[in-house]
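Data block below; observations after.
The values are calculated or read from the model by the stated rules, or taken from the named source; none is laboratory data. What you see is a predicted model; the values in this text were computed from it and never measured. Ideal geometry is used to build each Cβ from the backbone, glycine not excepted, and the neighbour counts take in all protein chains shown.
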Amino acid sequence: MVTTADRYRWHAEMEFRGVSDTYLDWAIGISRDREVLDLIERLPDVKRRAPLLFAAMRFHGAPLAPYADVRQWLIESWGHVEETARARTQQTNEAGRCATLLPALAAIDGPIALLEVGAAAGACLFPDRYGYEYVTPDGESTWLAPSDDRSTVRLRCEINAPDFIPTRLPDVTWRVGIDVNPLSFADADDVEWLRTLVWPEHTERRRRIDKVASMIREDPPRIDRGDATELLPQLAAEAPAGTTLVVFHTAVLAYFPPDARDRFEEAVSALDCIWLSNEGPGSLPSVAARVDRRIGIGSRFVLAKDGIPIALTGGHGQSYDGLTQHT
């Protein structure tokens, strides 16, 4: 049986090491702290994840200090932290992930209808509005930007080979999201929550949220509240004639119970669409199993098109390691 302590050790080694020293220290400290583990285990299983808990702590002013120094603050403030962890979800809504979706989207001819599952505030529904810099292992950079070149949001992604770099932006003519708890870039508390979800050391990602918020507030997307499996068929039917429907999601299925993941996979497979999934290997094991065993997935996501892996991607859109050409 996997314990809460085991999970925090996993978060420490697989998510935080080399990426966030603050969260690494907190996760290791909590994994050894029975009193705090007992508090965490009051939460529903899906609410015990370290990134969500740490964001709730910071939302209420936790000091960015070593765990030994923040521990007493956490115990004394647990009521507020618990309330926020129960009310909020880990809706990172990282626009940077568009850089890892773009190679697949740019390969689609003609107008595209985007339908995102787990859209949060909609930052990933605008892959055609951002600027991109792709950097190959030899340091060569390729830039892509909207034709009006007005985007203030520039996304940088390390890519393993020039052949995978897209040559154009997609033609998105319809965009809709689904979320059980939609957020809005027009709501100050929602924006602050999104900023708090960014790990402490990632200052550039926080700046990017502010830029994305300014852009999307001017043209907010439609995001319907509800269960994805139930809403998918009716929303898919609304996609305009003559468009290619693309159903996509990034870092969402980890929050679905296993039986709900199975129902979702059945629902999306029944649609006339292209299905892009960008998830951790444990969220879609049948997809991850198709990755060559000689390739270590590690903490990366598996990007798949219609269930076939096409790339391994950095969780925040920072890297793209293509596995096959997009056809």
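For the stretch 25-33, the criterion of being touching a residue at least 60 places away in the same chain (Cβ under 8 Å), under 24 Å from the mean Cα position of the chain (by Cα) and outside the structural domain of P182 (by TED's automatic domain parsing) is satisfied by no residue at all.
None of G110, G79 is in the same structural domain as R58 (by TED's automatic domain parsing) and either farther than 16 Å from I223 by Cα or in contact (Cβ under 8 Å) with a residue 12 or more places away in the chain (or both) except G79. Being under 23 Å from R86 (Cα atoms) and among the hydroxyl-bearing types (S, T, Y) is the filter here, so list the residues in the stretch 172-228 that pass it. Passing the criteria: S184, T196. All of (1) in contact with a Lys or Arg (Cβ under 6 Å, 6 or more places away or on another chain); (2) of a type outside the set (K, R); (3) not assigned by TED's automatic domain parsing to the domain that holds L271 hold for A68 with one exception: (1). If the condition is being within 22 Å of Y134 (Cβ to Cβ) and of a type in the set (S, T, Y), then the stretch 276-327 contributes S277, S299, T313, S319, Y320, T324, T327.
Looking across the stretch 162-210, the residues that are polar (S, T, N, Q) and either more than 16 Å from L52 (Cβ to Cβ) or in contact with a strand residue (DSSP E or B) (Cβ under 7 Å, 6 or more places away or on another chain) (or both) come down to T167, T173, S184, T203.
In the stretch 81-105, of all residues being in a loop (DSSP other than H, G, I, E, B) and more than 11 Å from the chain's Cα centre (by Cα), the one that is nearest to L115 (Cα to Cα) corresponds to T89.
For the stretch 130-244, no strands (runs of 3 or more DSSP E) sit wholly inside it while including 3 or more residues that are at pLDDT below 95 and more than 30 Å from Y23 (Cα to Cα).
The numbered conditions (1) on the phi > 0 side of the Ramachandran plot; (2) under 18 Å from the mean Cα position of the chain (by Cα); (3) surrounded by fewer than 21 Cβ atoms within 10 Å (Cβ to Cβ) are all true for G317 except (3). Out of E133, E83, E116, I need the residue that is of a type in the set (D, E, K, R) and closer than 30 Å to L271 by Cα. Which one? E116 is the lone residue from the list that is of a type in the set (D, E, K, R) and closer than 30 Å to L271 by Cα. Of the listed requirements (1) buried (at least 23 other Cβ atoms within 10 Å of the Cβ); (2) farther than 26 Å from P233 by Cβ, E116 misses just one: (2). So, L284, is that one under 28 Å from L312 (Cα atoms), aliphatic (A, V, I, L, M) and at pLDDT 95 or above or not? Taking the combined requirement at face value, the residue does not satisfy it.
Of everything in the stretch 49-68 that is assigned to a helix (DSSP H, G or I) and farther than 17 Å from V198 by Cα, the residue that is nearest to the chain's Cα centre (by Cα) is Y67. Checking the structure you have, find out if any residue of the stretch 270-280 is of a type in the set (A, V, I, L, M, F, W, C), in the same structural domain as A186 (by TED's automatic domain parsing), in contact (Cβ under 8 Å) with a residue 24 or more places away in the chain and closer than 18 Å to D179 by Cα. Within the stretch 270-280, one or more residues are of a type in the set (A, V, I, L, M, F, W, C), in the same structural domain as A186 (by TED's automatic domain parsing), in contact (Cβ under 8 Å) with a residue 24 or more places away in the chain and closer than 18 Å to D179 by Cα. Considering (1) over 18 Å from S319 (Cα atoms); (2) of a type in the set (D, E, K, R); (3) touching a Phe, Trp or Tyr at 6+ places or on another chain (Cβ under 9 Å), say which one E158 fails and leave the rest. Status for E158: all satisfied but (1). V46 meets the conditions (1) more than 20 Å from A254 (Cβ to Cβ); (2) assigned to a helix (DSSP H, G or I); (3) not acidic (D, E) in every case but one. The failed one is (1). Could you list, in sequence order, all residues of the stretch 90-105 that are of a type outside the set (A, V, I, L, M) and touching a Gly at 6+ places or on another chain (Cβ under 9 Å)? Q91, T92, N93, E94, G96, R97, C98, T100, P103, listed by residue number.
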